[in-house]
Amino acid sequence: MGAVIRRVFNTDTVAQLLDIGKLFQQSWTIVAMLVDYACTPEEVQQHFQSCGTVNRVTILTDKFGQPKGFAYVEFLEVEAVQEALVLNESELHGRQLKVSPKRTNVPGMKQYRPSRFNPIHGLPVQEAICAPLFLLSLWIWEGA
């Protein structure tokens, strides 16, 4: 019986379902920028309560626990995101908020950028040049 369950719910399928759930969940989340450092999650929730039912408010903090000035607001309805965008440039604690929908990171979209020339460090060392020097040092060491 355990083997049948493993075949139906293998780890790859479960991981894919969780990834789809995360992507779908981000469609009803907004990011509020320039949030006052003294704001609490309850105050941010009250500010966006007029748009729809707020499920969760997350205020980002640095490694010392100090707020970064960003807040994620997750709604229960997708329509609430469009209503929350109307609150762009509204004031909270005397600061003008920037509100935008949370963007979704798509796996594999990061482009490779080759390293640029740095005048302090010089040109990047290439393995093709280093390999013969290494072999030369081995030849000298074995011969002595």
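Structural remarks
- Subset of segment 28-43 [hydrophobic (A, V, I, L, M, F, W, C) and more than 21 Å from the chain's Cα centre (by Cα)]: Ala38, Cys39
- Looking only at residues in segment 56-95 that are part of a strand (DSSP E or B) and without any contact (Cβ under 8 Å) to a residue 24 or more places away in the chain, the one that is surrounded by the most Cβ atoms within 10 Å (Cβ to Cβ) is Val57.
We did not get these values from a lab; they are worked out from the coordinates using the rules stated. Treat the numbers as computed from the prediction; the structure is a model and nothing was measured. Neighbour counts are summed over all protein chains in view; Cβ atoms, including those assigned to glycine, are modelled from backbone coordinates with ideal geometry.
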